[in-house]
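Have a look at the structure below, then the notes.
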Amino acid sequence: MTVKAKSVRESRTVKSSHVLPPDTNTHGTLFGGKLMAYIDDVAAIAATRHARQHVVTASSDSVDFLHPIKEGYSVCLEAFVSWTHRTSMEVFVKVISENLLTGERKLCALSFLTFVAIDDQGKPAPVPSVIAESEEEKWLFDGAPKRAERRRKRRDESKQLSRNFGTEKPWERS
């Protein structure tokens, strides 16, 4: 099945939230886990917009926390599909904090996640390719195959770790 290519802007998703006291740690900054949940949520929306199918998170390359996000600030996440393979999509997420009183904004985190589109039977389904238009989009698109190869290697290492440290007893492994 062939699906029509889509521009990055068709998947672009923005989510903003006020950082309130229950969202913070003892340092008065946003919990890292809370930010990771926001990242997964906004990335899933972008992937679903691109595929127009159900999606599942396959991996998170990393979340690079560059600056803390303080209580009382806003946090704004922007996500979009930066590259696709046959059934998978790389989603780029950037996180910006804003001091709502001064207007000062900082890039606080970056992340790449991979999502897989699934059909009604839960099987991987084809997704549209990406049309990168802006310089930022083209730069991310061009670097994606190298990131995908690193993901594949990391996944192979995870499978090996799973065999070594999984729930099977060493003498039960075949």
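Please verify whether residue 46 is in contact with a strand residue (DSSP E or B) (Cβ under 8 Å, 6 or more places away or on another chain), part of a strand (DSSP E or B) and either touching a residue at least 24 places away in the same chain (Cβ under 8 Å) or farther than 18 Å from residue 140 by Cα (or both), treating the condition exactly as stated. Considered against the rule, which asks whether it is in contact with a strand residue (DSSP E or B) (Cβ under 8 Å, 6 or more places away or on another chain), part of a strand (DSSP E or B) and either touching a residue at least 24 places away in the same chain (Cβ under 8 Å) or farther than 18 Å from residue 140 by Cα (or both), residue 46 comes out as no.
If we only count strands (runs of 3 or more DSSP E) wholly inside the stretch 58-168, which ones have 2 or more residues that are over 19 Å from the mean Cα position of the chain (by Cα)?
Correct list: 105-118.
The residues in the stretch 38-72 that are among the hydroxyl-bearing types (Ser, Thr, Tyr) and either touching a Pro at 6+ places or on another chain (Cβ under 8 Å) or modelled with pLDDT of 95 or more (or both) can be counted, and the count is 3. Picking from residues in the stretch 1-43 that are in contact (Cβ under 8 Å) with a residue 40 or more places away in the chain, in contact with a strand residue (DSSP E or B) (Cβ under 8 Å, 6 or more places away or on another chain) and charged (D, E, K, R), the one that is surrounded by the fewest Cβ atoms within 10 Å (Cβ to Cβ) is 9.
Screening the candidates 158, 97, 134 for the property of being without any contact (Cβ under 8 Å) to a residue 12 or more places away in the chain, more than 19 Å from residue 52 (Cβ to Cβ) and of a type in the set (S, T, N, Q) yields one hit, 158.
The values are calculated or read from the model by the stated rules, or taken from the named source; none is laboratory data. Computed from a predicted model, the values in this text were never measured in an experiment. Neighbour counts run over all protein chains shown; Cβ positions are idealised from the backbone, glycine included.
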